[in-house]
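The values are calculated or read from the model by the stated rules, or taken from the named source; none is laboratory data. Small disclaimer: the values here were computed from a predicted structure and weren't measured. Note that each Cβ is placed from the backbone with ideal geometry, even for glycine, and that neighbours are counted across all protein chains shown. Side chains included, ligands, DNA and RNA excluded: accessible areas come from the protein's heavy atoms. Shrake-Rupley method; radii C 1.70, N 1.55, O 1.52, S 1.80 Å.
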Amino acid sequence: GVYGGSDAALAYQLEPSHVAITPDESRAYVNCQVNNAVVEINLDNVITPGTGVIAGVYGYGTRDMSATGFDGKDDGSATVETSTEDVLAWYQPGDIEIISDGITTLLLTANEGRPSVDGSGADDVIASTSAEFNGLLIDSEYGFGATGSAGDPSYVYGARSFSVWDITAGGAPSLVYDSGPIIESTLATLMP
C-alpha cells in the first residue's frame, strides 16, 4: 500500500519484513526483524482504520548467549563455546509462521538477526575488541552495553536459534521454547 504522513515514518522505523495470519483470520503479526519486534494487527478492525487496528507492538527480547554458548570466536574453529564474557543476542527473527491446533496458537520464529543500516547504507555494526570475541560484529548502539564499560554485556545480531511463542490469547508473545545452540552445534559437528 501507499503510506503517507506519520504512517510512513512509523513504517520506515519499524522496517516490516514478514506477515503471518492466525488460522481464524482475526489477527495478523507483522515481523520487524531489524527492530527485534512484532506488531499485532486486529484484522476485525481493519475495515474502520484508526479504530483499534494496532493491538500492540512487542519486543522479542534477548537470548543469553554466554549461558548457552555460541560460535562467536574468530579462532578458525566451528565449535560452540561457552563464554566468560556476557553476550546477549537480539532474537531478530527473519521469518515467522503461525500454527494452531484449534486450542493453542503458536508463533514460530527463525532467529537469524540483521543489523540496521547507517546513513550511507552500510550495516550499522562495530567489531568487538574483547579478548574473547575479538572481531565479532556487535550492535553499534548497544555494543558494549549501556555504559560501554567493562562488565557490560555485548549485544549481537540474531539468537541463531528457532523459537516457539504462545500467542493464543493475543498480546505479547510468550516464549515456550528456544532451540539455543542446537543449530550451531549440529553444523559444527557436520561441517567442522
**Request:** Considering only region 31-63, state which residues are outside any loop (DSSP other than H, G, I, E, B), touching an Asp or Glu at 6+ places or on another chain (Cβ under 8 Å) and not polar (S, T, N, Q).
**Result:** C32, L43, I54, A55, G56, V57, Y58, R63
**Request:** Name the residue, out of S66, S17, that is modelled with pLDDT under 90 and farther than 17 Å from D139 by Cα.
**Result:** S17
**Request:** Determine whether region 88-106 contains at least one residue that is in contact (Cβ under 8 Å) with a residue 60 or more places away in the chain and touching a helix residue (DSSP H, G or I) at 6+ places or on another chain (Cβ under 8 Å).
**Result:** yes
**Complete:** Note on region 14-41: residues over 18 Å from S100 (Cβ atoms), of a type in the set (S, T, N, Q) and open to solvent by less than 10 Å² (accessible area, probe 1.4 Å) are none
**Item:** Long-range neighbours under 7 Å by Cβ, at least six apart or interchain, first residue at pLDDT 95 or above and of a type in the set (D, E, K, R) within region 161-175, second part of a loop (DSSP other than H, G, I, E, B) and buried (at least 19 other Cβ atoms within 10 Å of the Cβ)
**Value:** D166/P173
**Message:** Looking at the structure I just gave you, is I138 in contact with a His (Cβ under 9 Å, 6 or more places away or on another chain) and closer than 18 Å to R63 by Cβ?
**Reply:** no
**Message:** Considering only region 182-192, I want to know if a residue exists there that is out of contact with any Lys or Arg (no Cβ under 8 Å at 6 or more places or on another chain), surrounded by fewer than 12 Cβ atoms within 10 Å (Cβ to Cβ), modelled with pLDDT of 80 or more and more than 21 Å from T79 (Cα to Cα).
**Reply:** no
**Complete:** Those residues of region 64-76 which are in contact (Cβ under 8 Å) with a residue 40 or more places away in the chain, part of a loop (DSSP other than H, G, I, E, B) and open to solvent by 30 Å² or more (accessible area, probe 1.4 Å) amount to D71, K73, D74
**Item:** Qualifying position, being within 29 Å of E25 (Cα to Cα) and either assigned to a loop (DSSP other than H, G, I, E, B) or of a type in the set (S, T, Y) (or both), among T79, T109
**Value:** T109
**Message:** Would you confirm, using the coordinates I've provided, whether T82 is surrounded by 15 or more Cβ atoms within 10 Å (Cβ to Cβ) and either within 20 Å of P173 (Cβ to Cβ) or over 18 Å from the mean Cα position of the chain (by Cα) (or both)?
**Reply:** no
**Message:** Tell me the residue from S128, S83, S116, S77 that is touching a strand residue (DSSP E or B) at 6+ places or on another chain (Cβ under 6 Å) and polar (S, T, N, Q), please.
**Reply:** S128
**Asked** Is it the case that A159 is under 14 Å from the mean Cα position of the chain (by Cα) and not in a loop (DSSP other than H, G, I, E, B)?
**Response** no
